[in-house]
4 protein chains.
Amino acid sequence: MDTMRIAVVGVGRIGLTHAENLACRVRGAELVAVTTSDEKRAAEARRVCGAIAVYEGLDDLLAGEQLDAVCIASSTSAHADNVVQCAAAGLHVFCEKPLALSLEDCDRAIGAASQAGVKLMIGHVRQFDAGHVGAKARIDEGAIGNPLVLRAISGDVDPPPPSFADPAVSGGLLVDAMYHDLYISRWFMGDEVQRAYAEGGALVDPAIGAVGDVDNAIVTLRFAGGAMATLFVSRTCRYGHDLRVEVIGSQGAVQVGYYRHTPVRLLDRQGVHHDMARTFPARLGDAFVAELQAFVDCVSHGIEPPVSGEDSRATLAIALAATRSMHEGRAVEL
Amino acid sequence: MDTMRIAVVGVGRIGLTHAENLACRVRGAELVAVTTSDEKRAAEARRVCGAIAVYEGLDDLLAGEQLDAVCIASSTSAHADNVVQCAAAGLHVFCEKPLALSLEDCDRAIGAASQAGVKLMIGHVRQFDAGHVGAKARIDEGAIGNPLVLRAISGDVDPPPPSFADPAVSGGLLVDAMYHDLYISRWFMGDEVQRAYAEGGALVDPAIGAVGDVDNAIVTLRFAGGAMATLFVSRTCRYGHDLRVEVIGSQGAVQVGYYRHTPVRLLDRQGVHHDMARTFPARLGDAFVAELQAFVDCVSHGIEPPVSGEDSRATLAIALAATRSMHEGRAVEL
Amino acid sequence: MDTMRIAVVGVGRIGLTHAENLACRVRGAELVAVTTSDEKRAAEARRVCGAIAVYEGLDDLLAGEQLDAVCIASSTSAHADNVVQCAAAGLHVFCEKPLALSLEDCDRAIGAASQAGVKLMIGHVRQFDAGHVGAKARIDEGAIGNPLVLRAISGDVDPPPPSFADPAVSGGLLVDAMYHDLYISRWFMGDEVQRAYAEGGALVDPAIGAVGDVDNAIVTLRFAGGAMATLFVSRTCRYGHDLRVEVIGSQGAVQVGYYRHTPVRLLDRQGVHHDMARTFPARLGDAFVAELQAFVDCVSHGIEPPVSGEDSRATLAIALAATRSMHEGRAVEL
Amino acid sequence: MDTMRIAVVGVGRIGLTHAENLACRVRGAELVAVTTSDEKRAAEARRVCGAIAVYEGLDDLLAGEQLDAVCIASSTSAHADNVVQCAAAGLHVFCEKPLALSLEDCDRAIGAASQAGVKLMIGHVRQFDAGHVGAKARIDEGAIGNPLVLRAISGDVDPPPPSFADPAVSGGLLVDAMYHDLYISRWFMGDEVQRAYAEGGALVDPAIGAVGDVDNAIVTLRFAGGAMATLFVSRTCRYGHDLRVEVIGSQGAVQVGYYRHTPVRLLDRQGVHHDMARTFPARLGDAFVAELQAFVDCVSHGIEPPVSGEDSRATLAIALAATRSMHEGRAVEL
């Protein structure tokens, strides 16, 4: 394959990011089309991506284009069906996280890709951030000894658009947002989670509570080998897009994250002032390019992608256990 | 009262710190005696405090000196009896944290002080650290809106001496060490804890596990008003004495703690390097002076101390609930 | 003009950066050709830029392509002639800094562009770095009061390739490297320099001294309005690409620069460790895109570029005065 | 000598600091008296130091007390005479910096101490700050290779009281304030200064200009071995007491100074905010204790103090050369 012909399914916030990266920044791939039934989004996609085809939906896309691969960025609840359909069409699949909202759907999607012999990679974007990559390398080289405890915070400045608040579509806060911290926990600790306990609440936004979700939550994890983690996720971090994770080991610790964004510091009679990243593109822009580049490279060279469907399934299993714990007020074993 | 005559009961690590501060740094008090049956500690106390009397125990001390107040730094398991005896002798009492190992003993000590009409203050040292004081002021002035979630880490470089490892004497990791994070949580959040969940393990030091204690633990708290906290305490933070706490509120966040200690930074081909505080005196030295100064000032001016016996009792109640949660594998309501 | 057809003249280190940015990241421009007589560089340019023409030199390029604009990244000693030739051909010109090695050549180039009615913009890349832009905005909005003193450091990790060391080609350390600090000084202080004093030495690399240049230098500037600046430039900052500038004003100060690069911090028994940017692309990569985007946008909209030939001339005048000061051991008035 | 009997001559801002430290924090010394003709200062000295004698002047003091040593904190213009008188009385002398306002007076004071066989130590306080001590240790152990260039800033928040502004009493900005950076430069670089160039101005406070002094100045130094330094001193750093120094060496760099003071960070929609030290006691409080402790210990053990009269004389020589440079607009050789 010389240049991979790829399309993006769904161009909401994250799909548009993927489309622009495929059009402008990823090497070895050519963005040929996107799908959307929204005319405004179609226009926006054309504006940032140049001359591309726009299809109403996946059926049209598959009928209308000769593709090598797809990038699925539809609603989470549609992921599994999309993957199955694209795999059946012989296309390699990059699918946004999580792979599905149920373990059964995960299995169905994984099976379809396996049967079709196509690559399936899930968008665990933080695994491609230079900070997380560097920390993982330090852990793997033994710089902190045995990992004992992981602490993480993931804070968004503002609640997402209402569409995300419907747990039936997004899976809820733990499946949708804390998911990132869960796969990072598995990856950093190199172990599987055995027990989860969660506390959560709609502490700021009653609208989120009204649909049965929470806007802030804390999850405690126990790993099979005895290690532990405490994760905090928030939709209401007014001060910035605050991603931090640290692992304390038997010989030291490693931390990812920082507060500075623009390298400017103001000093006046009130003190010292600077900014921090306020959006996920500001914090993770390069990682979104890197993950798609990894997908394209793996397909090109016929090697397994670094994030598998099974990784997403295992992550979802923890998220579902934590969600159950939150609703039932008790620790849940996996 | 011109200058308060005070004695320190018990001159282990923390008692010696108090003695030196009373002898050299606290104004309005005169350290006249300490108690210890260990000749080496007696010599060390004389070396750092100058000409003071040394008594074998509390009975001798009370018989031998005309005192205004005592600072109790004996084993935690002896605190309550010591407080009762000193209160009965009409002495004002500063008692190291926690006040006792059971709520009943707390009540007994509080009652004795109340009946005797003497001041009773408990050593919640972090409430006198400039960092924690500054953060509390910011919270109280509304700079972060409503406090929603508190995250804390308390890490000691190395396991304490074996004497601390006996939970019957120290109360165990949550009562002895996480206690600090618990009173800070109540103080910062301005609310009472309703539910606690804990995970812990003897992850590094099997000797700690052998006596039924843990060396690392995570506790999740739920407050009456809905707010939450996640606390991590460790005896095995090899890299430093790592005290950090942050409160995320509805309008912003405030953080206490830092990594720099000596203001020196080395830059070389390997990167950028600096040190951090490695011991509690390095991190909290000034706070130990400030808390005793507050006690002396309150007694001098006849006003109530800023940390009451009831504060210690409420803190202990959380620590005991968390300890039960850790042993029973379930959330515990207070 | 729909899409500007542009070529890059010279594809050394910086020319290749410009070519790649024009090919992949700048909107509204199409890179159609580069010039180089070196076959390896031609191959490298094709690798990073895709299908482009490669010409031996400027004459061939102008004969062979229909262009709208050029980006001149040849040796500094060739800049002026290149600008004159391209302007005469009716092309808009983006020229790397400095515009020339003498004020006479600056005037000749400025005059040629003016007469031809083409835009001429000089590559003052730091004026397009988010950090410097943010600081300038703070100064302009009055956040620091009147600017009083500017302090800057510009450190490269390692000496540049030998070609740069020949002052007859590069202009020497002050014209080639400190030039950046000089235009930032004019820009931040909003004033013209009146007097310069320089000390310099070949402190590390005798080869640099052998050709009459220095590898480390300090320059003091006096501005017409009384403000001052102290600039330090080094070819031998082993620890990183260290760009920092601060302006102290009558009401506060603003600082540009930082030490963190990858957002990872390692903590161990030796202390706290992290990395910093080691190369100019790592520190200024986005700024190189932004300056070319500004050029393309100005040409497209027919407006004056934000950095003029006169800006480069004024900057060079200071660099030449400082160089003279260094050689003559006395302050030099401009 | 068991406990050294010492008196403080002059209890202005700095003398009072020394008196309090000798009374409360320095071991092995007993503060027995101070001199002042100002009744308010006498009362203040008694308040912070307890029961001490107060004399009108040095004659009275020497007549009235049996002393072992004195700490001279009178006006700089009186230092030399005070040292000579105390040395003649057989007293060991700690003298605030600078030793005198002329090299002749330095020689006179040094000679008097030498002839009397008493110790003479000058108050180079930054040499006792943990940050500067740590950096010097790193330099000495070779962590940065050969020191090449030193950069320093010393900024005071606000102009000092009018008495300091009279150059005839204080020596002017370079002798009074930049003096600190000059001795640090000699100490860190381990070399002598050969040439100085200075630019300065009364940029903020016309009253300072009216008496012939400046409020901001930049000094460039050339060392005998070729190394260089650039020092900036300001009376008008509105944002804090900003002490920073860095040494760039052939293999790395070391930096002293930081912006954080209270370990609290506030994060809100406007960004990240924290404080920095605003006064010299906040930044250097411990160093003032350490330097007097060093003096007391040296006298007790009969060893030479770490800062000699010759160190002060050499520092003053640079300050005087820089002052001349500033007035004459040319580099001055030492």
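The values are calculated or read from the model by the stated rules, or taken from the named source; none is laboratory data. Note that the coordinates shown come from a computational prediction; the quantities given were computed from them, not determined experimentally. Virtual Cβ from ideal backbone geometry, glycine too; neighbours counted across all protein chains shown. Each accessible area value is taken on the protein alone, full model and side chains, heavy atoms only, with ligands, DNA and RNA left out. Shrake-Rupley method; radii C 1.70, N 1.55, O 1.52, S 1.80 Å.
Screening B:A51 against (1) surrounded by fewer than 19 Cβ atoms within 10 Å (Cβ to Cβ); (2) under 25 Å from the mean Cα position of the chain (by Cα); (3) closer than 26 Å to B:A287 by Cα leaves a single unmet condition, (2). Within the range D:231-246, the only residue that satisfies the criterion of being facing another protein chain (nearest Cβ under 7 Å), part of a strand (DSSP E or B) and either among the aromatic types (F, W, Y) or open to solvent by 10 Å² or more (accessible area, probe 1.4 Å) (or both) is D:F232.
Of the listed requirements (1) touching a residue at least 40 places away in the same chain (Cβ under 8 Å); (2) open to solvent by 20 Å² or more (accessible area, probe 1.4 Å); (3) outside any helix (DSSP H, G or I), A:H273 misses just one: (1).
Against the numbered list (1) open to solvent by less than 20 Å² (accessible area, probe 1.4 Å); (2) hydroxyl-bearing (S, T, Y); (3) modelled with pLDDT under 95, C:S77 comes up short only at (1). Right, A:I72: farther than 24 Å from A:L31 by Cβ, in contact (Cβ under 8 Å) with a residue 60 or more places away in the chain and in contact with a strand residue (DSSP E or B) (Cβ under 8 Å, 6 or more places away or on another chain) or not? No; evaluated as a whole, the condition is false for this residue. Scan the range A:16-25 residue by residue and report those that are open to solvent by 10 Å² or more (accessible area, probe 1.4 Å) and among the aliphatic types (A, V, I, L, M). Of everything in the range A:16-25, those that are open to solvent by 10 Å² or more (accessible area, probe 1.4 Å) and among the aliphatic types (A, V, I, L, M) turn out to be A:L16, A:A23. The strands (runs of 3 or more DSSP E) located wholly in the range C:123-227 that include 3 or more residues which are surrounded by 22 or more Cβ atoms within 10 Å (Cβ to Cβ) and within 14 Å of chain A (Cβ to nearest Cβ) occupy C:147-155.
For A:G90, the test of being without any contact (Cβ under 8 Å) to a residue 60 or more places away in the chain and farther than 30 Å from A:D213 by Cβ is passed.
Give the residues of the range A:247-256 that are at the interface with chain C (Cβ under 7 Å from one of its Cβ atoms) and open to solvent by less than 10 Å² (accessible area, probe 1.4 Å), sorted by residue number.
Matches in the range A:247-256: A:G252, A:A253, A:V254, A:V256.
Considering only residues of the range C:284-322 that are closer than 30 Å to C:G212 by Cα and open to solvent by 30 Å² or more (accessible area, probe 1.4 Å), which is nearest to the other protein chains (Cβ to nearest Cβ)? My answer is C:L320. Within the range B:324-334, the set of residues being open to solvent by 30 Å² or more (accessible area, probe 1.4 Å), in contact (Cβ under 8 Å) with a residue 40 or more places away in the chain and part of a helix (DSSP H, G or I) comprises B:M326 only.
So for the range C:154-168 (the condition being more than 30 Å from C:L31 (Cα to Cα) and under 15 Å from the mean Cα position of the chain (by Cα)), does at least one residue qualify?
yes
Tell me which residues, restricted to the range B:199-249, are modelled with pLDDT of 95 or more, of a type in the set (A, V, I, L, M) and more than 19 Å from A:G225 (Cβ to Cβ). Selection gives B:V219, B:L221, B:A224, B:A227, B:M228, B:A229, B:L231, B:V233, B:L243, B:V245, B:V247, B:I248.
Given the criteria at pLDDT 95 or above and within 14 Å of the chain's Cα centre (by Cα), does C:D176 qualify? No; evaluated as a whole, the condition is false for this residue.
Among all residues of the range D:258-278, there is at least one that is at the interface with another protein chain (Cβ under 7 Å from one of its Cβ atoms) and aromatic (F, W, Y). Of the residues in the range B:275-292, none is out of contact with any His (no Cβ under 8 Å at 6 or more places or on another chain), at pLDDT 95 or above and within 30 Å of A:L221 (Cβ to Cβ). Here D:A109 meets each of (1) in a helix (DSSP H, G or I); (2) touching a His at 6+ places or on another chain (Cβ under 8 Å); (3) open to solvent by 10 Å² or more (accessible area, probe 1.4 Å) with one exception, condition (3). For the range C:261-270, the condition of being assigned to a loop (DSSP other than H, G, I, E, B), in contact (Cβ under 8 Å) with a residue 40 or more places away in the chain, of a type outside the set (D, E) and within 26 Å of A:G134 (Cα to Cα) holds for none of the residues.
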